[in-house]
Amino acid sequence: MCHALSGDSKGAAAPALAGVIGQVAGVRTNFPYSKAMKGCGVTWTEKHMFAYLTNPGKHIPGNKMSFAGLGSDQDKANIIAFLKETE
């Protein structure tokens with residue numbers, strides 16, 4: 001609901017996600033990322049994305065994403081597979 005795959009993220013509620021796998025967190029679009037996201041040093045590998053989708057606040061404390069996380073490992077794997085296709 002918050003993310004789009006592409007487009008201008010500056011005025012959006014969340015950054016666009018196309019091509020996010022393999023990118024450094026907090027730097028790839030003109031979205032106004034939180035200090036936590038900008039400074040976390042995470043590169044979005046499948047491992048990091050899986051952990052983030054499990055519990056965003058625990059994986060990157062202080063980030064602005066208001067999402068509790070997904071419980072289903074299959075749902076997380078499906079989202080990651082979809083994101084990899086958008087590269």
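The values are calculated or read from the model by the stated rules, or taken from the named source; none is laboratory data. Computed from a prediction, not measured in an experiment: that's the story for all the values here. Note: ideal-geometry Cβ built from the backbone for every residue, glycine included; neighbour counts use all protein chains shown. With ligands, DNA and RNA removed, areas are computed over all heavy atoms of the protein, side chains included. Shrake-Rupley method; radii C 1.70, N 1.55, O 1.52, S 1.80 Å.
Kindly provide the set of residues from the stretch 40-65 that are open to solvent by 70 Å² or more (accessible area, probe 1.4 Å) and closer than 16 Å to G26 by Cα, ordered by number. Result: P61, K64. No other residue among P15, P32 is without any contact (Cβ under 8 Å) to a residue 60 or more places away in the chain, open to solvent by 60 Å² or more (accessible area, probe 1.4 Å) and either in contact with a Phe, Trp or Tyr (Cβ under 7 Å, 6 or more places away or on another chain) or not charged (D, E, K, R) (or both) apart from P32.
Going by what's in this entry, would K76 be described as in a helix (DSSP H, G or I), modelled with pLDDT of 95 or more and open to solvent by 80 Å² or more (accessible area, probe 1.4 Å)? Answer is no for this residue.
Of the residues examined, G22 is one that is within 14 Å of I80 (Cβ to Cβ), part of a loop (DSSP other than H, G, I, E, B), touching a residue at least 24 places away in the same chain (Cβ under 8 Å) and of a type outside the set (S, T, N, Q). The single condition among (1) among the aromatic types (F, W, Y); (2) in a loop (DSSP other than H, G, I, E, B); (3) at pLDDT 95 or above that F67 does not satisfy is (3).
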